[in-house]
Amino acid sequence: MAARPQVSIHGCEDGALISRQLALPAIFKAPIRPYVVSFVHTNISKNHRQAYAVSKEAGHQTSAESWGTGRAVARIPRVRGGGTHRSGQGAFGYMCRSGRMFAPTKTWR
């Protein structure tokens, strides 16, 4: 193995400029491993992520109640009232338009 190159060390002690030569540590002679660089870059970049989640009330901001059985419709809760397109539509369920999402995202997972 070739001799390790010398590096210059500069410093200041008690106002006096100090300069000396030291051998470069052996680890700097090792080849760069791309998969290690990629792994470190990937994991360091995760430190800048921002949390995101849906509102706790999302999909439950309507008064809805199930019509029960015997009406030939699914037993999903339905929006109450009349005189609007929204009345009678399914609500609350994750399979309904304007309903909640399945397994809502949380900031802690």
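What follows is calculated from the coordinates using simple rules that are stated; it is not laboratory data. Since the model is a prediction, treat every value here as computed from it, not as a measurement. Cβ atoms come from the backbone with ideal geometry, glycine included; neighbour counts cover every protein chain shown.
Observations, loosely collected:
- Mean residue ellipticity at 222 nm, helices only, the chain: -3500 deg cm²/dmol; runs of at least 4 DSSP H residues each add -39,500 (n - 2.57), and the sum is divided by the number of residues.
- For percent of Cα pairs over 20 Å apart, the candidate list reads (i) 70; (ii) 67; (iii) 59; the entry that matches the value derived from this model is (i).
- Between the exposed loop cleavage positions of the chain, defined as chymotrypsin sites (Phe, Trp or Tyr not before Pro) in a non-H, G, I, E, B DSSP state with at most 16 neighbouring beta-carbon atoms within 10 angstrom, the longest gap is 1-51.
- Cross-link partners of Lys46 among lysines (Cα-Cα below 20 Å; sequence separation of 8 or more within a chain): Lys106
- The chain: angle of helix 34-45 to the longest principal axis, Cα-based, in degrees nearest 10: 50
- Cleavage-rule hits (GluC sites (Glu not before Pro)) in the range 1-89: DSSP loop, at most 15 neighbouring Cβ within 10 angstrom: Glu57
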